[in-house]
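Each value in this text was obtained by applying a stated rule to the coordinates, not by laboratory testing. Here the structure is a predicted model, which means the values were calculated and not measured. Positions of Cβ are backbone-derived with ideal geometry, glycine not excepted, and every protein chain shown enters the neighbour counts.
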Amino acid sequence: MEDNNSNQKTTTYTVVGNTSKKEKNQNYGFGRSVLLPFCSGVLGATLIIGTCFGVPEIKEKIIGATISSSGSTLSQNNTNTYSGTLREVSLSNYSDTGIQVAEKVRPSIVGIKVEYTVNSIFSNNGTAEAEGSGIIMSEDGYILTNNHIVNSSSNNSYYEVSKASKVTVHLYNDETEYEAKIIGTDEQTDLAVIKIEKTGLTAAEIGNSDDVKVGEFSMAIGNPLGMQSSVTGGMISAVNRDVTDSDGKTFTLIQTDAAINAGNSGGALVNAEGKVIGINTLKLSGTGIEGMGFAIPINSTLDIYDQLIQYNKVKRPYIGITGIDLDEKTAEFNHLVVGVYVKAIEDFSSAEKAELKVGDVIIEADGKKITTMDELNEIKNTHKIGDEMTLKVNRNGNEVSITLTLSEQP
């Protein structure tokens, strides 16, 4: 639906210690009192050094044949010797970084509590609560968070959960509960903006998520399980990771091994400078899964944030069709071609005005071949409202070119 759809090298180290022969009687005392302890000490020290540096086979499996730290490398060559420079890393420096980042960022992260009204077939109306996190974006109270925290209405055969009836915010080192107003929500990007009536807040410093590198320091800060201002540390595991959530929506996210738990959603993922590089939003959980959390890159949120404040929603270009992906098998079975089958057209939409027809199969958009609704939407989203977009469709076996003017998504 549119707008709706290697060989491994084994290195062996031999530990070589000094040895001494047992002397005749005249030297027996010297050997026992001096030489034996000396040799034992040398041997012991050698064994300790061997243990500290690890068994090579295990080391290679864990960290690989090349280690990189702060731009310096330690690499293994064919003669089983190491070349290059290994720079010592001070754990105290790492600790200092974590402390400084936490002290800087925690005042900019809030805890969010949401109340919902629940209608159940078993009892009278009740309430439910949920908790999440948010990032202070301005000193006058605008807070960026996830849509699913403040806009998680749902229903099934037994109950119906309304949209949030009350949203409250807890600030760092402040016991006051501030009621918040929902300014705007966007389900497509899972972002929302709320606001509290308070000034003098500490706005978070925004980083550049396009500059994020795999392996760099990261810290997640939020409100997991109601434990406010909790921090967890790790590194960036991957960037530009496509992840599909339980609702079938696909997001391009930053992956981190900093622990993200329930309630961390909407909180910040920050770098070693204490700058926000992402908004924590998803994690993988289950048997055998550990340390796989994901954050929305901050760069992709800034325009959304501005639009939610200005329009209370995100304005997007719109074609106005419901489509079905046709792969080769489906297309052949239905005597059609590979592409996007137009199943329905909305009244007064750009598609209707351009005389797109139900039964058309869209095979190109702006000169690029497409086979899925996702591909069509990706091209459409490069445009602005009011832009023209050219489609090539297969209609009853003939190819037809159609130019439409993109309207605003309702």
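What ranking, highest mean first, results for peptides 252-261, 269-278, 307-316 when packing means the other Cβ atoms within 10 Å averaged over each residue?
Packing order, densest peptide first, comes out as 269-278, 252-261, 307-316.
Given G226, I236, F251, which one lies farthest toward the positive end of the charge dipole of segment 209-303, if we put +1 on the Cβ of every Lys and Arg and -1 on the Cβ of every Asp and Glu?
Of the listed residues, the answer is G226.
Can you sort S95, S229 by how many other beta carbons sit within 10 Å, fewest first?
In increasing order of surrounding Cβ atoms, one gets S95, S229.
Mind checking the full-extension length gain between E273 and N381? Use 0.36 nm per residue of separation minus the Cα-Cα distance, one decimal, nm.
35.6 nm
Toward the positive end of the charge dipole of segment 209-303, about the Cα centre and with charges on Cβ (Lys, Arg +1; Asp, Glu -1), which of F217, T301, I260 goes farthest?
I260
Assuming R0 = 45 Å, can you tell me the calculated FRET efficiency for the pair K315 and T287, based on Cβ-Cβ distance, to the nearest 0.05?
0.55
At T127 and K343, where each label point lies 7 Å from the Cα along Cα→Cβ, what is the point-to-point distance in nanometres?
Result: 4.1 nm between the two label points.
If the limit is 18 Å between Cα atoms, which of K113/K181; K353/K392; K249/K329 go over it?
Pairs exceeding the cut-off: K249/K329.
Just want the ordering: D242, D210, D325, from fewest to most Cβ atoms lying within 10 Å of their own Cβ.
D242, D210, D325
If each residue of separation counts as 0.36 nm, what is the full-extension length gain between E328 and S95 once their alpha-carbon separation is subtracted?
Fully extending the segment from E328 to S95 adds 78.3 nm.
Within 10 Å, count the other beta carbons around each residue, average over each peptide in 379-388, 180-189, and list them highest first.
Highest-to-lowest ranking by the protection proxy: 180-189, 379-388.
For T250 and E139, calculate 0.36 nm times their separation in residues minus their Cα-Cα distance, and state this gained length in nm to one decimal.
Length gained between T250 and E139: 36.7 nm.
Give the calculated FRET efficiency between V118 and E179 to the nearest 0.05, with a Förster radius of 25 Å applied to their Cβ-Cβ distance.
0.75
Using the beta-carbon distance between E388 and D306 and R0 = 22 Å, what value does 1/(1 + (r/R0)^6) give for FRET efficiency, to the nearest 0.05?
Here the calculated transfer efficiency is 0.30.
Return the distance in nm (one decimal) between the two label points of a simple spin-label model at H335 and S401, each offset 7 Å from Cα along Cα→Cβ.
2.9 nm
Mind putting a number on the dipole of segment 317-408 about its Cα centre? Charges go on the C-beta only, +1 for Lys and Arg and -1 for Asp and Glu, and I need it in Debye to the nearest 20.
Here the size comes out at about 140 debye.
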